[in-house]
């Protein structure tokens, strides 16, 4: 396993990585450039920890997963499954989570609660505030005392004070010493742990998280997973996990009843390493699940493509769709347009490493990276 990790890390220019595999009763651990206890910024792999806090409080009777919040018509269950309708991003200046939560209003929701899946960092910030409101302690202390201390894990955090130091990230030749995540958004991406820590959490987390709440949903997590539970993504119905990307980091976790695979890397190219690793493990008889939607449909007709053009919005995030010379182009937040291949089934792929899948849905919805956007109205709202 060390040879495999070293070969893939060299191919993808990853300076440091950890790989932990438990399969068929055997455990294999490999490291490169660091020891097994080094803490990697987890990015969005933090979210299942915030979800586990919410479920712990629900089990204790301190909150009801299906009771709407006092000022918003959304439930904790909807927050954890990304169906609450909040914007994908946190769109206000850095303030305390309490002040931020107090400013959230029903008219700021970008989708009707429960209507569809739209991946939301803002939803998990609100879930983190809910934990703080119920427990009376900040989110970091709650993670440490409720979840990690029983597992004998010392956490690192990329915001605020931390006893354990997180590794820097890498993007090409640039070393990223400090993550840019504001403290406000810590419940959505503020943890740093090792692959070994991730496996310990996966083996001891709340079992209620392992249930697909989006089976049959008209707008599920296309491009991210096959389904979604209470914090965990669902892959091939029986596998669970999550991916996380920080500034120059990429971390991944998958598990089912027999196998757990955790990979931590401190490079932006770690996501491409992960895809190669999955293929290699599968060839070795370890059937790791992943989500890689592909289309066999022909390219969309010019008329189909032309009908998709326009501006789409999810909160302040904007995507402009253009059609020129028979090819669609996507420009995100005013950036340059990237040519994409759109198929007759209205799925498309944005080039990259790895490529990012997306799709158009009935009602002129655009789904990219799990974020769902609506046509942008002339007055600046969504239609």
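The values are calculated or read from the model by the stated rules, or taken from the named source; none is laboratory data. Please read these numbers as outputs of a predicted model, since none were measured by experiment. Cβ: placed from backbone, ideal geometry, glycine included. Neighbour counts: every protein chain shown.
Just a few scattered comments:
- Enumeration of residues in the range 350-363 that are surrounded by 14 or more Cβ atoms within 10 Å (Cβ to Cβ), touching a residue at least 24 places away in the same chain (Cβ under 8 Å) and either in the same structural domain as residue 112 (by TED's automatic domain parsing) or over 16 Å from the mean Cα position of the chain (by Cα) (or both): 359, 360, 361
- Annotation note: of 25, 61, 35, the sole residue that is surrounded by fewer than 17 Cβ atoms within 10 Å (Cβ to Cβ), free of Cβ contacts under 8 Å to residues at least 24 places away in the same chain and under 25 Å from residue 166 (Cβ atoms) is 35.
- Against the list (1) surrounded by fewer than 17 Cβ atoms within 10 Å (Cβ to Cβ); (2) not in a helix (DSSP H, G or I), the condition residue 3 fails is (2).
- Of the listed requirements (1) part of a helix (DSSP H, G or I); (2) out of contact with any strand residue (DSSP E or B) (no Cβ under 7 Å at 6 or more places or on another chain); (3) in contact (Cβ under 8 Å) with a residue 60 or more places away in the chain, residue 49 misses just one: (2).
- Among the residues of the range 143-166, those identified as assigned to a loop (DSSP other than H, G, I, E, B), touching a residue at least 40 places away in the same chain (Cβ under 8 Å) and surrounded by 15 or more Cβ atoms within 10 Å (Cβ to Cβ) are 153, 155, 158, 164.
- Residues of the range 271-294 that are in contact (Cβ under 8 Å) with a residue 40 or more places away in the chain and not in a loop (DSSP other than H, G, I, E, B): 271, 272, 273, 275, 276, 277, 280, 281.
- Residue that is outside the structural domain of residue 39 (by TED's automatic domain parsing), in contact (Cβ under 8 Å) with a residue 24 or more places away in the chain and out of contact with any helix residue (DSSP H, G or I) (no Cβ under 9 Å at 6 or more places or on another chain), where the choices are 268, 297, 307: 297
- None of 225, 267 is part of a loop (DSSP other than H, G, I, E, B), surrounded by fewer than 24 Cβ atoms within 10 Å (Cβ to Cβ) and touching a strand residue (DSSP E or B) at 6+ places or on another chain (Cβ under 9 Å) except 267.
- Among (1) within 23 Å of the chain's Cα centre (by Cα); (2) modelled with pLDDT under 95; (3) within 27 Å of residue 175 (Cα to Cα), the one test that residue 104 misses: (3)
- Residue 194 vs. criteria buried (at least 24 other Cβ atoms within 10 Å of the Cβ), more than 28 Å from residue 360 (Cα to Cα), touching a strand residue (DSSP E or B) at 6+ places or on another chain (Cβ under 9 Å) and at pLDDT 95 or above: yes
- Residue 61 being on the phi > 0 side of the Ramachandran plot and in contact with a strand residue (DSSP E or B) (Cβ under 8 Å, 6 or more places away or on another chain): no
- Scanning the range 167-179 for residues that are assigned to a loop (DSSP other than H, G, I, E, B) and either at negative phi or within 20 Å of the chain's Cα centre (by Cα) (or both) turns up 167, 168, 173, 177, 178, 179.
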